[in-house]
1. Roughly how big is the chain's charge dipole about its Cα centre, with Cβ charges of +1 (Lys, Arg) and -1 (Asp, Glu), in debye to the nearest 20?
2. In the neighborhood of L26, defined by Cβ-to-Cβ distances under 14 Å, what is the net charge if each Lys or Arg adds +1 and each Asp or Glu adds -1?
3. Enumerate by residue number the trypsin sites (Lys or Arg not before Pro) in the range 1-97 meeting two conditions: DSSP loop (anything except H, G, I, E, B), and at most 14 other Cβ atoms within 10 Å of the site's Cβ.
4. Using Cα-only point scatterers and the Debye equation, what is log10 of I(q)/I(0) for the range 24-78 at each q in 0.13, 0.16, 0.23, 0.31 Å⁻¹, rounded to two decimals?
5. For the chain, what % of the accessible area comes from carbon and sulfur atoms, probe 1.4 Å?
6. Note the per residue figure in Å³ for the convex hull of the C-alpha positions in the chain.
7. So between K9 and C91, what do we pick up on full extension, going 0.36 nm a residue minus the alpha carbon distance?
8. What does the extension gain come out to for E24 and M1, with contour length at 0.36 nm per residue minus their alpha carbon separation?
Amino acid sequence: MDRSKYFQKSALVPAIVQDDASGEVLMLAYMNDESLRRTTETGYTWFYSRSRRSLWRKGETSGHVQKVVSIVPDCDDDTLLIRVKQTGPACHTGNRTCFYQAPIFEGGNDD
């Protein structure tokens, strides 16, 4: 696999992580070439931490790992959708998903 095409616009690409069974969006993280390489080699998610400026393997300390089912690029090859089998909560807060907060906007049914 030629990973370089995903990093033409930026050294980091957003990675949307989705539960394979439910379709629920679990989290958004960033990947660089090395984290994508490690993910495809190991079958478990690796990401790049922008704050720590280093690679990290999801579940490294918590044990809440993500077994990769598939990785699909978007139409522009600059975002990845990663479907996983999640062990335990995905969020560092202990919530199943990082998107557990109340909505900041909900549109009406007006057409």
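1. On the way: 14 positive and 15 negative charges, 153 e Å.
The calculation lands at about 740 debye.
2. Working: positive: K58, K67, R83, K85, R96; negative: D19, D20, E24.
Summing Lys and Arg as +1 and Asp and Glu as -1 gives +2.
3. Numbers: sites: R3, K5, K9, R37, R38, R50, R52, R53, R57, K58, K67, R83, K85, R96; in loops: K9, R50, R52, R53, K58, R96.
The qualifying sites are K9, R50, R52, R53.
4. -0.32, -0.49, -1.02, -1.45
5. Within the chain, the accessible surface is 49 percent carbon and sulfur.
6. Normalising the Cα hull of the chain by residue number yields 141 Å³.
7. Roughly 26.7 nm would be gained on extension.
8. So the extension gain works out to 5.5 nm.
The values are calculated or read from the model by the stated rules, or taken from the named source; none is laboratory data. A quick note: this is a predicted structure, and the numbers were derived from the prediction, not measured. So basically every Cβ, Gly included, is an ideal-geometry build from the backbone, and we count neighbours across all protein chains shown. Keep in mind that these areas ignore ligands, DNA and RNA; they rest on the heavy atoms of the full protein, side chains included. Shrake-Rupley method; radii C 1.70, N 1.55, O 1.52, S 1.80 Å.
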